[in-house]
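The values are calculated or read from the model by the stated rules, or taken from the named source; none is laboratory data. None of the values given here were measured: they were computed from a predicted structure. Here the Cβ is made from the backbone with ideal geometry for all residues, glycine too, and neighbour counts use every protein chain on show. Protein only, heavy atoms only, side chains kept; ligands, DNA and RNA dropped before computing areas. Shrake-Rupley method; radii C 1.70, N 1.55, O 1.52, S 1.80 Å.
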Amino acid sequence: MALTAVKGFNDILSDESLRWQHIEQTARRVFELNGFGEIRVPVMEKTELFCRSIGDATDIVEKEMYTFTDKGGNSVTLRPEGTAGVMRALIEHKLYAQDPVAKLYYMGPMFRYERPQKGRYRQFHQIGAEITGVNDPLADAQVLNMLTSFFREIGLSEPTLQINSLGCPECRPAYRTALRSCLEERIGGLCEDCKRRFATNPLRILDCKVPGCIEKSAGAPSVLEHLCSSCNDHFSSVKRYLDLSATPYSINSRMVRGLDYYTRTTFEMVTGLLGSQSAVAAGGRYDGLISQLGGPSIPGIGFAIGVERIALLLGNQQFTSSPDLFIATMGAGERDIAFSLMDGLLKSGLRVEMDYEGKSLKSQMRRADKLKARYSVVIGENEVATGSATFKRMADGLQSDAALTVAGIHSLIMKLEQ
Ligand code: HAM
């Protein structure tokens, strides 16, 4: 039987990789501008880390984790998200002792055993950013502005920012009680998952996509009407800062996140172009998480962008890496010279390709076209004898002569690019 990749795990081939590099480079540029530094954490952690952070009663921990026992008898899990591992590292290395405010970003694969479909995979990639050590709503606004800038810089204007507040351990119990008492008499009409959620995690019922559950939870009380005064003040300040920086957003009081660590501000960047996989980035504040994991009481806020979903939205936009110059040769005698020239030009920073196999001139020129080379040159006996050749600008066929030296070719291209 032919060997294929594991279901839900994808290869990223060259063309797609260019799009991914564009996404990653844009994120690095925007995040570093905002003072974030990269952290790289392992893809595998002790299972307990995710149970204690994401929460035992979440879909991720209940059904989606790649958990196994290693040869030493330890239960380990391929990370389903990045925040828990980054916070584990922050505590383990006492990063807060060096600087009370940590601004960290990360990128890499995450693993969830979900039903694969367009925009939803079992190995997927996130680019995430986290600020710890700041309670002030200014941090919420900076994170949201940075996320908005990323979308602007990448050239996607369609996803829109939705925000909500999930309150804190002071006010959420009362909201949970209000929600339960509203849903109690409608429980028979809820799906099996939501019947279970009613006891374990009733807020998640608001997020269920099953039509019966949407109908039964319509008119449920709003979390925003149950915030305590400090959560209410916090949320008002976040909105005020967003208004101040002219960041567009809407409020979605039914947005509940699939991870239990959130407090106060939560948000999603939502698109209408990817069917049911509408969130292209999401995050929120997690003021209790670090202490819950055994660290000091330090607040945090962050988000993660779904790279596959961004790549889908970018569609067929070309992010080409075409050569600056294609060197064709008339015969075997010129290949040594072409090779040394290519070597010198590559060392000088020009992107150069040549024929490797002694193909016909016609097929070499076809390859120059296929690679979308910007310039081409044909080297024959005559060019070797005179030390100069005619270079062709492929876009418009313009021809110019230059010396067959690294300096000669550089100055010709510079002249023609002006
Ligand atoms: P999340 O909402 O679970 O949050 O995931 C963030 C983003 O990852 C989603 O909006 C989506 O774009 C992408 N994503 C999630 N699951 C899949 C999948 N199966 N296939 C493809 N893309 C997917 C978190 O993971 C939090 N750690 C975010 C965060 C950071 N909160 C605070 N800091």
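Applying a threshold of 18 Å to the alpha-carbon distances of Lys347/Lys392; Lys392/Lys415; Lys118/Lys216; Lys347/Lys370; Lys370/Lys392; Lys362/Lys392 flags Lys347/Lys392; Lys118/Lys216; Lys347/Lys370 as lying beyond it.
Solvent-accessible surface (1.4 Å probe) assigned to Val76 amounts to roughly 10 Å². Across Ile251, Ile60, the residue with the most accessible area heads the list, and the full order at a 1.4 Å probe is Ile251, Ile60. Remark: relative contact order (the chain) = 15 percent; criterion is Cα-Cα distance under 8 angstrom and separation of 6 or more residues.
Among the chymotrypsin sites (Phe, Trp or Tyr not before Pro) within the stretch 302-362, those in coil by DSSP and having at most 12 neighbouring Cβ atoms inside 10 Å are Tyr356. In this structure the amide hydrogen of Arg264, modeled in the peptide plane, comes within under 5 Å of the amide hydrogens of Leu166, Gly167, Cys168, none closer than 5 places in sequence on its chain. Label sites at Gln25 and Lys46, each approximated as a point 7 angstrom past Cα along Cα to Cβ, lie 4.1 nm apart. Tell me whether the stretch 55-204 comes out rounded, prolate or oblate; compute the Cα gyration tensor, take square roots of the eigenvalues as a ≥ b ≥ c, and use a/c under 1.5 as the rounded threshold. Because its axes are fairly even, with a/c under 1.5, the stretch 55-204 counts as rounded. Largest accessible area first, the residues His125, His226 order themselves as His226, His125 under a 1.4 Å probe with ligands, DNA and RNA left out.
Based on protein heavy atoms only, the chain ends up with 49 Å² per residue of surface accessible to a 1.4 Å probe.
Put simply, the chain fits an ellipsoid with semi-axes of 53, 23, 21 Å; these come from the alpha carbon gyration tensor as the roots of five times its eigenvalues, largest first. Modelled spin-label separation between Ala57 and Asp70, with each label point placed 7 Å from Cα along the Cα-to-Cβ direction: 3.2 nm. Shape class of the stretch 255-373 from the alpha-carbon gyration tensor: prolate, with a/c at 1.5 or above and a/b greater than b/c. Would you mind classifying the stretch 325-417 by shape? Square roots of the alpha carbon gyration tensor eigenvalues, ordered a ≥ b ≥ c; an a/c under 1.5 is rounded, otherwise it is prolate if a/b is larger than b/c and oblate if not. Cα axes put the stretch 325-417 in the rounded bin.
Computed over the chain, the per-residue total of -39500 (n - 2.57) for DSSP H runs of n ≥ 4 gives a 222 nm mean residue ellipticity of -11000 deg cm²/dmol, rounded to 500.
Among the GluC sites (Glu not before Pro) within the stretch 204-286, not one is in coil by DSSP while having at most 15 neighbouring Cβ atoms inside 10 Å.
Annotation: extensible slack from Lys195 through Ser17 equals 59.8 nm (criterion: 0.36 nm per residue apart, minus Cα-Cα distance). In the structure shown, the pairs Lys195/Lys239; Lys103/Lys209; Lys103/Lys239; Lys46/Lys209 are assessed against 29 Å; a Cα-Cα span above that value is assigned to Lys195/Lys239; Lys103/Lys209; Lys46/Lys209. Name the trypsin sites (Lys or Arg not before Pro) in the stretch 309-364 that are in a loop by DSSP and that have at most 15 other C-beta atoms within 10 Å, would you? Here the sparse-neighbourhood loop sites are Arg351, Lys359.
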